[in-house]
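The block underneath contains the structure these notes are about, expressed in structure tokens.
The values are calculated or read from the model by the stated rules, or taken from the named source; none is laboratory data. It should be emphasised that the depicted structure is a prediction, and the values quoted were computed from it without experimental measurement. Cβ coordinates were reconstructed from backbone atoms using ideal geometry, including for glycine residues, and neighbour counts include every protein chain displayed.
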Amino acid sequence: MANTVTDPGPLLGASAPHAGAELGCGTALHWIPGPTPAAFTGDALMTCLRRVRDPIYVVKSSQPGLLGLAAGGSTRLGADRSLAPPLPIAAMLAPATPECLGDKLFCAEHELRYAYIAGEMANGISTTRMVSAMAKNGMLGFYGAAGLDLSTIDGALTELRRELNGRGNWGVNLIHLPGHPDDEHKLVDLLLSHGVANVSASAFVHLTPAVVRCAAHGLHADGSGRVVRRVRIFAKVSRPEVATAFMSPPPRQMLDKLVARGLLTDTEAHLAARVPVATNVTVEADSGGHTDNRPLMAVLPTILALRDTLCRKYSYIDTIHVGAAGGLGTPNAIAAAFSLGAAYVLTGSINQLAVESGISPAAKELLAAADIADVAMAPSADMFELGVKVQVLRRGTLFAARAGQLYEVYRTYPGLDAIPTAVRTKLENQVLHASFDEIWAQTADFWSLRDPERLAHAHGDPKSQMALVFRWYLGMSSRWAIEGSPARRSDYQLWCGPAAGSFNRWIADSFLADAANRSVVQIARNLMNGAALITRANHARATGVQLPDKAFRYAPQPVDISA
């Protein structure tokens, strides 16, 4: 396939002058071949592109209008014909390794080799084993603390601290709990007592005292007056108004109240007013779990521009790193996110397929069969009364439809006793597989320990009682998936976005198709390796080189994770 060029274009990733420009006294820069000749056709071009750790030269052939790629060899001014035939250099592509992707300052701050995060999946689906594997391989993982009791989280944090022994590249999830501010504070107490340095704040629709307290804890100024953080907040956002709150200093009134309660010192509150709540903002697009289903191409540039505006407004010394999440299931998607300006990428749905994830083999089988359209929105267990929805797997499970039925009944009737007999019988027999009375007994036992005040309120409020009974199904459905309950397979709640479908298509017929090979690190490294190669292919195409279509595809290959 011929590679024609009319304007040689700029040098990419190089400090040399404009490509093909005359240097000195009419002398151009040339490439002198080494053992490997320049490539001008399909397979040879691919071989050259794959040398991602070497600079690559875009060269002009002796055939007019033909561009190719060259690696190795040497460069010189002018064309010394006594040597191997030299080729004029049109551009140079800098090395494009996985380590080059994303923001290097972000990686340095978080002790990372790769700008890649395995996000938290609730109920411990993102296990300590997963977090540990990520940290030991130069990436960041968040433990899925949402939905777990404090004693379980405490045990997990103790294990992670012992296993990672001083490493700073791991973190824990802090999920918003509407109506339960004390529970947020109790979790923050636990995180601070363990010295957790990275906290992913998810599902927040506004700032709460607990997340502000977490961000401001331990703030102090160094010798130059720069504010130093003990805790770094990663805020998941998909709306500009929520992003604005996290990228701005906390409200003064909220800080004053935290000081009055003895939860912050005067110094911490004073310094908190100078810096944003979150140093890292993860733009969550069409993801599994809580999501607004927004396309990354629309929301990420919007939040990046908003970041720049707020940094100027508040004259921040340090920038806010903005990352991307949602829909990232292939190397092409990862490359696209970085090309949009993401400082880092965060994956979620696909990590449930990893050997380290905390769901059952039966649940993994369902996820492994998913395609990009096999998802649906369903009521959220933690925000059921507010009508908030999460994205879940539809194929192979009836959870989304059944949860939707429960929410429609909740909206329609004032309490359990008001539900018509026919509707009640259908729900008990076909959805819940238990009577309202049986479920209420279990629910009352649970809430008597978890939140006695909420239970007392439900005893006097039929609507609230109905919500708790229906939330039993939504909460148990995730547990059934984790435990692999055969009898409740059709009720599994699996948080899942379209990324799982694209991931399944990408790994088909590769070594990752074998479930035993799908470690979270193999998944991550293959995605980053592929994204680096595709990024380089895009750079080459930008110079005018005509590449074969396969240059923009990357098949998974076993990675030596010890390297």
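Computed quantities for the displayed model
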quantity	calculated
Residue that is nearest to the chain's Cα centre (by Cα), among those in segment 286-328 that are β-branched (Val, Ile, Thr) and farther than 27 Å from residue 141 by Cβ	302
Meets criteria (among the hydrophobic types (A, V, I, L, M, F, W, C), closer than 30 Å to residue 99 by Cβ and touching a helix residue (DSSP H, G or I) at 6+ places or on another chain (Cβ under 9 Å)) for residue 140	yes
So residue 215, is it part of a helix (DSSP H, G or I) and assigned by TED's automatic domain parsing to the domain that holds residue 234	yes
Test for residue 184: is it surrounded by 19 or more Cβ atoms within 10 Å (Cβ to Cβ) and either free of Cβ contacts under 8 Å to residues at least 12 places away in the same chain or among the acidic types (Asp, Glu) (or both)	yes
Segment 178-197, residues that are within 24 Å of the chain's Cα centre (by Cα) and within 22 Å of residue 244 (Cβ to Cβ)	178, 184
Boolean, residue 200 is in a loop (DSSP other than H, G, I, E, B) and either within 24 Å of residue 267 (Cα to Cα) or touching an Asp or Glu at 6+ places or on another chain (Cβ under 7 Å) (or both)	no
Wholly within segment 305-404, strands (runs of 3 or more DSSP E) carrying at least 1 residues that are over 30 Å from residue 251 (Cβ atoms), free of Cβ contacts under 8 Å to residues at least 60 places away in the same chain and out of contact with any Asp or Glu (no Cβ under 7 Å at 6 or more places or on another chain)	375-379
Any hit, segment 74-85, residues being within 30 Å of residue 196 (Cβ to Cβ) and surrounded by fewer than 23 Cβ atoms within 10 Å (Cβ to Cβ)	no
From the options 122, 146, 91, residue that is buried (at least 21 other Cβ atoms within 10 Å of the Cβ) and over 18 Å from the mean Cα position of the chain (by Cα)	91
Test: residue in segment 290-303 that is crowded, with 22+ Cβ neighbours inside 10 Å and in a strand (DSSP E or B)	yes
Number of positions in segment 219-276 that are in a helix (DSSP H, G or I) and of a type outside the set (D, E, K, R)	17
Spans of helices (runs of 4 or more DSSP H) in segment 448-556 with at least 1 residues of a type outside the set (Lys, Arg) and crowded, with 23+ Cβ neighbours inside 10 Å	462-483, 498-507, 520-542
Residue, nearest to the chain's Cα centre (by Cα), within segment 399-426, restricted to residues that are surrounded by fewer than 19 Cβ atoms within 10 Å (Cβ to Cβ), under 15 Å from residue 469 (Cβ atoms) and among the small types (Gly, Ala, Ser)	415
Pick from segment 183-203, criterion in contact with a Lys or Arg (Cβ under 8 Å, 6 or more places away or on another chain) and among the hydrophobic types (A, V, I, L, M, F, W, C), ranking: nearest to residue 233 (Cα to Cα)	199
Options 14, 28, 44: the member that is among the small types (Gly, Ala, Ser), surrounded by 15 or more Cβ atoms within 10 Å (Cβ to Cβ), at pLDDT below 85 and under 38 Å from the mean Cα position of the chain (by Cα)	14
Residue within segment 447-463 that is under 27 Å from residue 523 (Cβ atoms) and without any contact (Cβ under 8 Å) to a residue 60 or more places away in the chain present	no
Subset of segment 206-246 (residues that are over 17 Å from residue 189 (Cα atoms) and touching a Phe, Trp or Tyr at 6+ places or on another chain (Cβ under 9 Å))	207, 234, 235, 236, 237, 242, 245, 246
Meets criteria (modelled with pLDDT of 95 or more, assigned by TED's automatic domain parsing to the domain that holds residue 113, surrounded by fewer than 23 Cβ atoms within 10 Å (Cβ to Cβ) and not charged (D, E, K, R)) for residue 205	no
Residues (of a type outside the set (A, V, I, L, M), free of Cβ contacts under 8 Å to residues at least 60 places away in the same chain and within 19 Å of residue 109 (Cα to Cα)) located in segment 200-222	214, 217, 218, 220, 222
Only one of 259, 199, 231 that is under 28 Å from residue 293 (Cβ atoms), of a type in the set (Val, Ile, Thr) and in contact with a helix residue (DSSP H, G or I) (Cβ under 8 Å, 6 or more places away or on another chain)	199
Positions within segment 45-74 being in a loop (DSSP other than H, G, I, E, B) and of a type in the set (S, T, N, Q), in sequence order	61, 62, 63
All positions within segment 178-194 that are outside any helix (DSSP H, G or I) and at pLDDT 95 or above	194
Total residues in segment 77-133, condition of a type in the set (A, V, I, L, M, F, W, C), part of a loop (DSSP other than H, G, I, E, B) and modelled with pLDDT of 95 or more	4
Residue in segment 135-143 that is modelled with pLDDT of 95 or more, part of a helix (DSSP H, G or I) and closer than 28 Å to residue 530 by Cβ present	yes
